[in-house]
Amino acid sequence: MCGIVGIIGNKPIAEDLVEALRRLEYRGYDSAGVATVEDGKLVRRRAEGKLRNLEKRLLSDPLQGHIGIGHTRWATHGRPTEVNAHPHMSATVSVVHNGIIENFRALKEELTACGHVFESDTDTEAIVHLITDEMQKGASPTKAVEHALSKLQGAFALGIIFSGDEDMMIAARKGSPLAIGHGKDEMYLGSDAIALAPFTPEITYLEEGDWAVLRRSGVEIFDVESKPVKRQAIRSVASSLMVDKGNHRHFMAKEIHEQPEVISHTLANYIDMSKAKVVLPDLGVDLVTLPRVTISACGTAYYAGLVAKYWLEQIARVPVEIDIASEFRYREAPMPPGGLAVFISQSGETADTLAALRYCKAKGQKIASVVNVRTSTIARESDSVLLTLAGPEIGVASTKAFTCQLAALACLAIGIGRARGTISREQEIAYVEALLEVPRLISALLAEDGQFNDIAQHLSQARDVLYLGRGVSFPLAMEGALKLKEISYIHAEGYAAGELKHGPIALIDENVPVIVVAPEDELFPKTISNMQEVAARGGQIIMISDADPVAAGCEQAIHISVPKVNPLASPLLYAIPVQLLAYQTAVSRGTDVDQPRNLAKSVTVE
Ligand code: AGP
């Protein structure tokens, strides 16, 4: 949930560290800091809040070192104050850390008893004193780090520099991603390739348990048993992807408007257009006798999985078990022999989802993942990967990744349905054609995004909002509620429309907007009844539908008009209005749309 960087350069590197951190702010932005080695001494600048506060510090009090580390923080241990900001340091060691050290309290007690003085409330500072303590006992920096790593329990990606050495940085990775960048007589370290894009496209990803010694001449990598290993260097595409807002006010707006293009790319990745035929990667299971599909994910990715449950059961007639990863990973769920487990994750680094994956792998399931980062940990631990070609998603609130996940999952359901013979070739063609028209329909809807402004103004005054939906629109209702919550800070809940009468209807009065995701599908008549129950109690209805509210007997509803679409494809299309409603409402409330408070884009801790 934090971003770490490191540079061993041939000129003052503080500005480059900040440039790299700017590309990692999506991972957390409670505080930021950099440390360098100058004339053999460790020096540091830190600031609370956004990266721009650190930049101001550096303007007034610059650093000149040619080797350094940097950090942008999402607070896990200790409030987001300057004292708790990374890098943490002693006179001899400075450390930046992404992850959680689970045994830091015991370590802190031991080290305090040995005379070490802690200045912060963080778990990271225990690493500093652990290494310092070993060096004070005579260990070399690398031996001291090796010893310290053996004592740490939990997840970490580390960047470490030492006083008196301007040509050595140590990196270590366990449970949190870490990439090494290869330059010309320079070396780089970062939480991902996007951070290193301005410096080099040549990237080596450390594997689980790896640690490495970087010098200007190159890198030595060691595995978890400290045996030297070679890890492949790849050419990252991140360097060629211009990650900026274009002509949009926010990354989220840009990413909402990119959806027609990136959904097309994702569909094209699974559909042989010449035959209107779905082509899936080998999933490693017998699809005909497949006993069950288990799905696990978090947040928005989980809602994509909920939609996929309907599709897999209705189209491929395969039983589906789905759970949020933070619950699933501890449930000890029995797994059927020959089962397929599917993990959905934009970042491919979400700790809970990765833990759920590892549980299923240990239980003999074949693992498929739907991810947006081809080199992510979840992708690399899967037997098969269904990539979403959404491109880097910088806005913390997931939008284009969600609809690309739906596109890939729809193809998965169709492909498995064809393999099992539960749908005909004609049905496959009809489904594929329905999916292929979605980008055009989304473009038409985005062209009318002005219709959301007035409604958003109205929503921005609400204290509580309800979202309702049936069938595949029920997960959309929950996704809409999550979008509104996480960027406008208005409390919202998504409910199955049929569930309203079992309690939540008590919430309805003229102050509670009720947003109904209501494509005119076979459940639409039932949804109308639920809307009339709301209207009868004075609730304000906002009806997102291709149907005419008056004709549907809901003349008092505020109507958000959506083009007609094949029911299979409705979740992809109806995601757009719920995204735009949340976005416009947040803008009218003046919240930080791209970096909402308390959140981070990639949740790599439990
Ligand atoms: C989405 O808007 C949220 N920011 C969050 O729920 C996110 O979907 C969740 O943390 C899962 O992330 P992942 O897709 O990278 O695994």
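Quick one: which of Val534, Val550 is open to solvent by 30 Å² or more (accessible area, probe 1.4 Å) and β-branched (Val, Ile, Thr)? Of Val534, Val550, the one residue that is open to solvent by 30 Å² or more (accessible area, probe 1.4 Å) and β-branched (Val, Ile, Thr) is Val550. Among His86, His129, His116, His97, which is assigned to a loop (DSSP other than H, G, I, E, B), closer than 26 Å to Gly49 by Cα and either touching a residue at least 40 places away in the same chain (Cβ under 8 Å) or touching a helix residue (DSSP H, G or I) at 6+ places or on another chain (Cβ under 6 Å) (or both)? Result of the check over His86, His129, His116, His97: His86. Do the conditions hold for Arg23, that is, is it open to solvent by less than 10 Å² (accessible area, probe 1.4 Å) and either acidic (Asp, Glu) or closer than 19 Å to Leu196 by Cα (or both)? The answer is no for Arg23. If you filter region 249-304 down to residues that are among the hydroxyl-bearing types (Ser, Thr, Tyr) and more than 16 Å from the ligand (Cβ to nearest atom), you find that the one that is modelled with the lowest pLDDT is Ser274. Kindly indicate whether any position in region 565-580 is in contact (Cβ under 8 Å) with a residue 12 or more places away in the chain, more than 16 Å from the ligand (Cβ to nearest atom) and not in a helix (DSSP H, G or I). Looking through region 565-580, at least one residue is in contact (Cβ under 8 Å) with a residue 12 or more places away in the chain, more than 16 Å from the ligand (Cβ to nearest atom) and not in a helix (DSSP H, G or I). Can you spot a residue in region 93-112 that is open to solvent by 10 Å² or more (accessible area, probe 1.4 Å) and farther than 22 Å from Gly154 by Cα? No, the conditions are met nowhere in region 93-112. When the residues of region 374-406 are narrowed to those that are among the β-branched types (Val, Ile, Thr) and in contact with a Ser or Thr (Cβ under 6 Å, 6 or more places away or on another chain), which ends up nearest to the ligand (Cβ to nearest atom)? If we take residues in region 374-406 being among the β-branched types (Val, Ile, Thr) and in contact with a Ser or Thr (Cβ under 6 Å, 6 or more places away or on another chain), then Ile378 is nearest to the ligand (Cβ to nearest atom). Restricting the first residue to region 518-531 and requiring it to be closer than 16 Å to Pro571 by Cα, which pairs with a second residue that is β-branched (Val, Ile, Thr) and in a helix (DSSP H, G or I) meet a Cβ separation below 6 Å and a spacing of at least six or different chains? These pairs meet every condition: Ala518/Thr527. For region 313-334, give me the residue count where each residue is within 16 Å of the ligand (Cβ to nearest atom) and surrounded by fewer than 23 Cβ atoms within 10 Å (Cβ to Cβ). Residues flagged as within 16 Å of the ligand (Cβ to nearest atom) and surrounded by fewer than 23 Cβ atoms within 10 Å (Cβ to Cβ) within region 313-334 amount to 6. For region 392-439, enumerate the residues that are touching a residue at least 60 places away in the same chain (Cβ under 8 Å), among the basic types (Lys, Arg) and open to solvent by 10 Å² or more (accessible area, probe 1.4 Å). Arg418, Arg420, listed by residue number. Only one entry in Tyr359, Tyr310 is in contact with a Gly (Cβ under 7 Å, 6 or more places away or on another chain), away from the ligand (no atom under 12 Å from the Cβ) and assigned to a helix (DSSP H, G or I), namely Tyr310.
Here region 462-489 is the region considered, the condition is being out of contact with any helix residue (DSSP H, G or I) (no Cβ under 7 Å at 6 or more places or on another chain) and open to solvent by less than 10 Å² (accessible area, probe 1.4 Å), and the residue that is nearest to Trp311 (Cα to Cα) is Ala477. For Pro62, the test of being surrounded by fewer than 17 Cβ atoms within 10 Å (Cβ to Cβ) and in contact with a helix residue (DSSP H, G or I) (Cβ under 7 Å, 6 or more places away or on another chain) is passed. In region 456-482, the qualifying residues are those that are under 11 Å from Glu493 (Cα atoms) and in contact with a His (Cβ under 8 Å, 6 or more places away or on another chain), and the one that is nearest to the ligand (Cβ to nearest atom) is Val465.
Does region 28-44 hold any residues that are open to solvent by 10 Å² or more (accessible area, probe 1.4 Å) and closer than 17 Å to Cys2 by Cβ, and which are they? Of everything in region 28-44, those that are open to solvent by 10 Å² or more (accessible area, probe 1.4 Å) and closer than 17 Å to Cys2 by Cβ turn out to be Tyr29, Asp30, Arg44. Scan region 585-598 and give yes if some residue there is in a helix (DSSP H, G or I), within 16 Å of the ligand (Cβ to nearest atom) and surrounded by 17 or more Cβ atoms within 10 Å (Cβ to Cβ), otherwise no. Yes: one or more hits.
Residues in region 335-352 include none that are farther than 24 Å from Glu522 by Cα, without any contact (Cβ under 8 Å) to a residue 24 or more places away in the chain, more than 16 Å from the ligand (Cβ to nearest atom) and among the aliphatic types (A, V, I, L, M). Of Leu130, Leu178, Leu158, all but one fail to be under 23 Å from the mean Cα position of the chain (by Cα), buried (at least 24 other Cβ atoms within 10 Å of the Cβ) and modelled with pLDDT of 95 or more; the exception is Leu158.
Just to check your reading of the model, which residue among Ser326, Ser296, Ser347, Ser369 is out of contact with any His (no Cβ under 6 Å at 6 or more places or on another chain), among the polar types (S, T, N, Q) and assigned to a loop (DSSP other than H, G, I, E, B)? Of the residues listed, the single one that is out of contact with any His (no Cβ under 6 Å at 6 or more places or on another chain), among the polar types (S, T, N, Q) and assigned to a loop (DSSP other than H, G, I, E, B) is Ser347. Counting only residues that are under 18 Å from Ala351 (Cα atoms) and basic (Lys, Arg), region 372-410 holds 2 of them.
Of note, Pro504 satisfies the criterion of being surrounded by fewer than 21 Cβ atoms within 10 Å (Cβ to Cβ), farther than 29 Å from Val432 by Cα and not basic (Lys, Arg). Restricting attention to region 181-212 and to residues that are touching a Pro at 6+ places or on another chain (Cβ under 9 Å) and of a type in the set (A, V, I, L, M, F, W, C), the residue that is most open to solvent (accessible area, probe 1.4 Å) turns out to be Ile194. Annotation: Gly299 fulfils all but one of (1) small (Gly, Ala, Ser); (2) on the phi > 0 side of the Ramachandran plot; (3) in contact with a strand residue (DSSP E or B) (Cβ under 8 Å, 6 or more places away or on another chain); the unmet one is (3).
The values are calculated or read from the model by the stated rules, or taken from the named source; none is laboratory data. On a predicted model such as this, the values are computed, not experimentally measured, just so you know. All Cβ positions, glycine included, derive from the backbone under ideal geometry; neighbour counts span all protein chains shown. When the accessible area is computed, the model is the full protein with side chains, heavy atoms only, and any ligands, DNA or RNA have been set aside. Shrake-Rupley method; radii C 1.70, N 1.55, O 1.52, S 1.80 Å.
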